[in-house]
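Working notes for the structure below.
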Amino acid sequence: MAKIEYKNTSVQFVDNVYEPAEDTFLLTESAFNYIKDGMNILEIGTGTGFVSAVLKNNFEVNIVSTEINPDAAQCARSNDVEVIRTNMFDGLKPIQCFDLILFNPPYLPTTDDEKVPGWINYAYDGGIDGCDAIRNFLDNVCNYLKPNGSIMLLVSSFSGIDYIKKMMESYGFEVYSTSRERYFFEELAVLYGIHKIKNLCKPVH
């Protein structure tokens with residue numbers, strides 16, 4: 001079992017779980033600029049629990065996360081993160097109670113031939129254009145946000161940063177790019193969206 005020390009937090013990670021990388025750190029650093037004590041926060045797809053653990057140890061916040069990979073869910077719990085093992089929002093009731101929802105989605109464009117075996121595929125596989133998980137997220141996230149609540153979404157040039165920004169705007173979000181960094185053959189960005197247009201939320205059925 002390996003370990004990372006970061007911002008007063010010790011985070012362990014194991015095989016078959018996405019190891020904290022540049023995208024993880026970029027999302028965490030961006031979140032520091034928008035979080036206030038007392039917030040209710042949800043992280044979708046927490047992986048090792050790195051982001052949630054660091055935020056929990058540096059702010060007085062209520063934070064819960066979801067994760068589909070059972071190995072990752074167990075890993076996050078070992079890092080003192082409250083985890084609901086489910087696919088994205090599936091295990092949550094549609095109650096608008098979160099001030100901020102974070103998501104570092106699988107964003108690599110992936111054909112059937114490029115899928116990898118096992119649960120780890122969920123950390124990488126973004127579908128043909130890299131946006132499958134992002135569309136699922138945006139279809140549902142409004143049902144869990146407080147009025148004028150916000151989201152932070154880690155996105156990549158592989159799936160189209162400007163395209164995803166326009167997608168977020170079509171769901172009623174006022175969108176800002178909080179940070180952009182280039183790593184090797186891709187550019188990463190964190191998009192921060194404040195939900196302004198309630199009637200563009202997907203209704204609860």
* Might you report the magnitude of the Cβ-based charge dipole of the stretch 2-86 about its Cα centre, with Lys and Arg at +1 and Asp and Glu at -1, to the nearest 20 debye? => 200 debye
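What size of dipole, in debye to the nearest 20, comes out for the chain about its Cα centre when the only charges are +1 on Lys and Arg C-beta atoms and -1 on Asp and Glu C-beta atoms? Can you show the working numbers first?
Details: 17 positive and 28 negative charges, 162 e Å.
Roughly 780 debye for the chain.
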* Evaluate the charge dipole of the stretch 78-142 about its Cα centre and quote only its size in Debye, nearest 20, assuming +1 on the Cβ of each Lys and Arg and -1 on the Cβ of each Asp and Glu. => 200 debye
* Structure fact -> Dipole check, the stretch 67-200, charges on Cβ (K,R +1; D,E -1), about Cα centroid: among Ser150, Leu138, Pro109 the Cα furthest to the positive pole belongs to Ser150
* Relative contact order for the stretch 97-154: what is it in percent, counting Cα pairs under 8 Å that are at least 6 residues apart? -> 53 percent
* **the stretch 33-113: C-alpha gyration tensor shape, a/c 1.5 cut-off, then a/b vs b/c** => prolate
* So what is the relative contact order of the stretch 71-182, in percent, for Cα pairs below 8 Å that sit 6 or more residues apart? -> 28 percent
* Asked: Which number gives the lysine pairs in the chain that have C-alpha atoms under 23 Å apart and are eight or more places apart or on different chains?
  -> 23
* **In Å², nearest 10: area of Cys131 left accessible to a 1.4 Å probe** => 0 Å²
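Given a cut-off of under 8 Å on Cα pairs at least six residues apart, what relative contact order in percent is computed for the chain? Could the numbers behind the result be given before it?
Numbers: 440 pairs, mean separation 36.1, N = 205.
Relative CO of the chain lands at 18 percent.
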* To do: Determine the order of Phe185, Phe32, Phe158, Phe103 by accessible area, beginning with the largest, at a probe radius of 1.4 Å.
  => Phe185, Phe158, Phe32, Phe103
* Provide the FRET efficiency to the nearest 0.05 for the Asn148-Gln74 pair, computing r from the beta carbons and using R0 = 30 Å. => 0.30
* To do: Match the structure shown to one of the listed values (i) 142; (ii) 114; (iii) 128 of volume of the Cα convex hull per residue in Å³, computed from it, and give that label.
  => (ii)
* Measure off, as a whole percent, the carbon and sulfur share of the 1.4 Å-probe accessible area of the chain, all protein chains present. => 49 percent
* Structure fact -> Expected unfolding gain across Ile95-Asn57 under the 0.36 nm per residue rule, minus the alpha-carbon gap, is 11.1 nm
* Asked: By DSSP, what percent of the beta bridges with both residues in the chain are antiparallel, rounded to the nearest 5?
  -> 55 percent
* Asked: Accessible area, 1.4 Å probe, largest first: how do Glu29, Glu19 sort?
  -> Glu19, Glu29
* What figure in square angstrom, to the nearest 10, would you give for the accessible area of Arg85 with a 1.4 Å probe? -> 120 Å²
* To do: Could you provide, to the nearest whole Å², the per residue accessible area of the chain with probe 1.4 Å?
  => 48 Å²
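The values are calculated or read from the model by the stated rules, or taken from the named source; none is laboratory data. As the structure is a prediction and not an experimental result, all values here were calculated from the model. All Cβ positions, even for glycine, are placed from backbone atoms using ideal geometry, and neighbour counts span all protein chains on display. Keep in mind that these areas ignore ligands, DNA and RNA; they rest on the heavy atoms of the full protein, side chains included. Shrake-Rupley method; radii C 1.70, N 1.55, O 1.52, S 1.80 Å.
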